[in-house]
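Below: one structure, written as structure tokens.
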Amino acid sequence: MSKEYPETARYAVYILKGLPFLPHYQKKGWYVAPGYPTNKLEYTGTQLKKAGATREHWELWKRG
């Protein structure tokens, strides 16, 4: 049995107070908090850096 998975790529992810902020699926340069879209929290990388977030790179499904 063959399993097909979506293509992946490395993306910047910001970690703030232990929470990962992942790149928005369609809005380039924007990051979303856990629980999005329910919580509607969106930030730019600059906003997250100013708040003290650290940047990592994770392998994620390709964004649109």
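Restrict the check to region 33-48 and report whether at least one residue is part of a strand (DSSP E or B) and in contact with a Pro (Cβ under 6 Å, 6 or more places away or on another chain).
No; the residues of region 33-48 include none that is part of a strand (DSSP E or B) and in contact with a Pro (Cβ under 6 Å, 6 or more places away or on another chain).
Among the residues of region 2-15, is any among the hydrophobic types (A, V, I, L, M, F, W, C), part of a loop (DSSP other than H, G, I, E, B), at pLDDT 95 or above and surrounded by 13 or more Cβ atoms within 10 Å (Cβ to Cβ)?
no
Given the structure, is Gly64 in contact with a helix residue (DSSP H, G or I) (Cβ under 9 Å, 6 or more places away or on another chain) and at pLDDT below 95?
no
Considering only residues that are within 21 Å of Glu7 (Cβ to Cβ) and surrounded by 13 or more Cβ atoms within 10 Å (Cβ to Cβ), which ones fall in region 31-57?
Within region 31-57, Tyr31, Val32 qualify.
If the Cβ limit is 9 Å and pairs must be 6+ apart or interchain, which residue in region 39-64 that is hydroxyl-bearing (Ser, Thr, Tyr) pairs with which residue that is at pLDDT 95 or above and part of a loop (DSSP other than H, G, I, E, B)?
Close Cβ pairs satisfying both conditions: Tyr43/Ala51; Tyr43/Ala53.
Go through region 1-16 and count every residue that is more than 18 Å from Lys62 (Cβ to Cβ) and of a type outside the set (Ser, Thr, Tyr).
3
Here's a check for you: in region 17-48, which residue that is over 13 Å from Trp61 (Cβ atoms), touching a Phe, Trp or Tyr at 6+ places or on another chain (Cβ under 9 Å) and of a type in the set (A, V, I, L, M, F, W, C) is modelled with the lowest pLDDT?
Taking the candidates together, the pick is Leu41.
The values are calculated or read from the model by the stated rules, or taken from the named source; none is laboratory data. Computed from a prediction, not measured in an experiment: that's the story for all the values here. As a convention, Cβ positions derive from the backbone with ideal geometry for all residues, glycine included, and neighbour counts pool all protein chains shown.
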